[in-house]
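The values are calculated or read from the model by the stated rules, or taken from the named source; none is laboratory data. Since the model is a prediction, treat every value here as computed from it, not as a measurement. Please note: Cβ atoms are built from the backbone with ideal geometry, for glycine as well, and neighbour counts cover all protein chains shown.
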Amino acid sequence: MANTITIDPVTRIEGHSKITIYMDDQGAVTDARFHVTQFRGFEKFCEGRPFYEMPALTARTCGICPVSHLVASAKACDELMAVRIPETAVKLRKIINLSQLIQSHALSFFHLSSPDLLLGMDADPNSRNILGLLKSHPEAARDGIALRKFGQSVIERLAGKRIHPAWVVPGGVSRPLTAELRDEILEEIPPMLEIAQRSLETFQGLYEGFEREIETFANFPSLFMGLVTDNDNLEHYDGKLRVVDANRNIVHAGIHPASYQEFIAEAVEPDSYLKSPYYRKIGYPDGLYRVGPLARLNVCERCGTPLADEALRTFRRLSPGAVLSSFHYHYARLIEIIYGLEKTRDLLREPDILDAHVRAHAEPNRFEGVGMSEAPRGMLLHHYRIDEQGLISWSNLIIATGHNNLAMNRGITQAAKAFVKGDKLEEGALNRVEAVIRCYDPCLSCSTHAIGQMPLLIELRNGNNVLDRKHRG
Amino acid sequence: MAAKRTRKPKLAVWKFASCDGCQLSLLDCEDELLAVTGQVDIAYFPEASREYIRGPYDLSLVEGSITTPHDAERIHKIRRQSKVLVTIGACATAGGIQALRNFGDVKEFTRLVYPSPQFIETLKKSTAIADHVFVDFELRGCPISKEQLVEVINAYLHGRKPAVPTHSVCVECKRRGTACVMVASGIPCMGPVTQAGCGALCPAYNRGCYGCFGPMETPNTPAASGAFSRLGMNEDGIIRTYRSFNAYAEAFRRESERHEPTNH
């Protein structure tokens, strides 16, 4: 294949991503590919480090969801120590994980995607960003900033800092919650819930204007994968991995995290650096699955909190089976923000939440451990092996953006077929193809698209001939 | 002397190899963000086209380390377009956590990680921005402190030097009233050789500092290592302690190399 992109093997991305759209001789789109690397260089330089350093080291893979890495990593370390961590520590870890979910979803929805939704896909790209939104729709922009601030400030107050905090440790957390902080956060929740519900209403009102996008933004049958509790409620910290098909029939009721390798395989395509995970029992490529907010709402039976469950009932009316259009990732994110706020409130009201015993101490007692949790973008897995000294001898990280790789490629192909015409790249078409990627909110777009545009190279090709090329960022 | 402003200053943010946490610190200035939009023109990741750097910029904030030949060229273009260039975070100021590969063989990394390593174009080392171009100010931290970032932006927009301390984390522990974790609890702590900026966070949580802000001004690293070994840390442990987020910052790199078996 003629395209080559430069990939930095150690950290996440080299600086730009690339979409290639292939045309046939009649000028019709035949295929489209999204290229981005994963974070996996970490797996090499973590070798030889003591296992207890892993939460702090792996948190550095990502400045957007460091808490997700902390949680998955600490859970893998709990397994290595073979401890059951104190119940209060579980609850506190759940709270910080939900705060992460709220702030990340708020960033994705308000800062990154709402400019498309409120100003339109064809709006002037110079004002189609959060700063433009502050001028044209100040209330929506301020709502987004307030929600993100809430999530980030809960993380900061619990863990000391917002990005790369060190409070979540193997065996639990390093400091208990104080009554003052609990009351402070509890007081802040009701106005945040108001914002989240108001935003959901606004979003529902906008739906009619996006029928074509809903129809063509990665709208296809696939499997969905996500954590659920023992009674099949929405879950982000613990539980079992449930798989459903496009009709919401259960494909697997609950995979134990430690046995993930029996169910998830990774295909390597000759023309891409990215591995494509698929559901092993069904095979490649039909075993394509999606993870993240949309997948989680499709796999669970209920959220387990009143306002989120009410919103989920309305969401279910979109489709008799699973909700298939990736455009609805946005919708799912807003419901999860509501859930996150309600669940945080419920956890804070638990009688043992102020308990001082929040950490189990132990030497390593097992040579292998798997930690699985739901990051904002989907299932995140850390898998470590250690030697006799407790030093990491092997590790594997499976990251949400990687799970969705196959689905993202299929999604941009579908959108390109619908919106790219002839041999020129028009701004509106370009933005729609990009917006498909934003539905999945891969770390890449989330981070680099923060305020401006996603640094991106888009090429339109016929065989080896480049018909048109646009470079941003 | 404050020259009369006829236009708003132009601010740009650039990203190299990094986790994005530092530039997100800018977004974390929620309330300040609202104010800042009125004071400066933010040309983040400017509208591209093929000549994708269009300046000049009054202030460029650069996040991330240089890891590819393309980036090594790109940083020169950015420097030429920037009146003041400030690097933010451990990646930009010291090569970041990915500089851990500087101590090994990079080909081994790519082979392990990618199925077709021949496509990967990468430099042998992950290096700080200042190794490539002149940098006006280096803001440390993994990630940077939001308050220090606001101070730096403010200072440069008003033509003064930022007031960012270069003393050790120990001073922050004293100010905070935290008992020394090394003296009181025998926990190895990088605080005595690490620059302040985090507010001495880890010791307040009864952990040793692990050096997020890089070496302080003139650190006495051999003395710190001596204290670590008296607390029972072996040579491998000492090497690892210096090799984390600021592994390639000169003072930390030298000290870690001093403890490698061949250098005894």
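Taking the stated definitions as given, is A:Gly292 among the small types (Gly, Ala, Ser), closer than 19 Å to A:Leu234 by Cα and in contact (Cβ under 8 Å) with a residue 60 or more places away in the chain?
yes
If you go through region A:49-90, how many residues are more than 20 Å from A:Gly378 (Cα to Cα) and assigned to a helix (DSSP H, G or I)?
14
Exactly one of these conditions fails for A:Ser174: (1) surrounded by 24 or more Cβ atoms within 10 Å (Cβ to Cβ); (2) over 24 Å from B:Leu26 (Cα atoms); (3) of a type in the set (Ser, Thr, Tyr). Give me its number.
Every condition holds for A:Ser174 apart from (1).
Scanning region A:199-227 for residues that are of a type outside the set (Gly, Ala, Ser) and in a loop (DSSP other than H, G, I, E, B), which turns out surrounded by the most Cβ atoms within 10 Å (Cβ to Cβ)?
If we take residues in region A:199-227 being of a type outside the set (Gly, Ala, Ser) and in a loop (DSSP other than H, G, I, E, B), then A:Phe217 is surrounded by the most Cβ atoms within 10 Å (Cβ to Cβ).
When A:Gln26 is evaluated against the numbered criteria (1) touching a residue at least 12 places away in the same chain (Cβ under 8 Å); (2) over 15 Å from A:Leu397 (Cβ atoms), which criterion, by number, is the only one it fails?
For A:Gln26, the failing item is (1).
Collect the residues in region B:193-229 that are under 14 Å from the mean Cα position of the chain (by Cα) and in contact (Cβ under 8 Å) with a residue 40 or more places away in the chain, keeping them in residue-number order.
Those that are under 14 Å from the mean Cα position of the chain (by Cα) and in contact (Cβ under 8 Å) with a residue 40 or more places away in the chain: B:Gln195, B:Gly197, B:Cys198, B:Gly211, B:Cys212, B:Phe213, B:Gly214, B:Met216.
Check B:Thr166, B:Thr127, B:Thr194 and return the single one that is closer than 25 Å to A:Gly63 by Cα and surrounded by fewer than 19 Cβ atoms within 10 Å (Cβ to Cβ).
B:Thr166
With of a type outside the set (A, V, I, L, M, F, W, C) and in a helix (DSSP H, G or I) as the only criterion, which of B:Ser225, B:Ser244 stands out?
Checking each option against the conditions leaves just B:Ser225.
What pairs can you find where one residue is in region B:234-246 and not assigned by TED's automatic domain parsing to the domain that holds B:Arg101, the other is assigned to a helix (DSSP H, G or I) and surrounded by fewer than 24 Cβ atoms within 10 Å (Cβ to Cβ), and their Cβ atoms are less than 6 Å apart, with a gap of 6+ or different chains?
Note: pairs meeting the criteria are B:Ile238/B:Ser225; B:Ile238/B:Phe228; B:Ile239/B:Ser256; B:Tyr242/B:Glu255; B:Tyr242/B:Ser256; B:Arg243/B:Ser256.
Considering only residues that are touching a Gly at 6+ places or on another chain (Cβ under 9 Å) and not in a helix (DSSP H, G or I), look in region A:127-161 and name the one that is surrounded by the fewest Cβ atoms within 10 Å (Cβ to Cβ).
A:Gly160
If we scan region A:110-123, do we find a residue that is part of a helix (DSSP H, G or I) and touching a Pro at 6+ places or on another chain (Cβ under 8 Å)?
Checking region A:110-123: not a single residue is part of a helix (DSSP H, G or I) and touching a Pro at 6+ places or on another chain (Cβ under 8 Å).
With the checklist (1) surrounded by 24 or more Cβ atoms within 10 Å (Cβ to Cβ); (2) modelled with pLDDT of 95 or more; (3) among the charged types (D, E, K, R) in hand, flag the one item A:Lys91 doesn't pass.
(1)
So which of A:Ala59, A:Ala28 ends up being out of contact with any strand residue (DSSP E or B) (no Cβ under 6 Å at 6 or more places or on another chain), at pLDDT 70 or above and within 10 Å of chain B (Cβ to nearest Cβ)?
Every option except A:Ala59 fails the conditions.
Residues of region A:310-365 being among the hydroxyl-bearing types (Ser, Thr, Tyr), modelled with pLDDT under 95 and touching a Cys at 6+ places or on another chain (Cβ under 8 Å), which ones?
Within region A:310-365, A:Ser326, A:Tyr329 meet the criteria.
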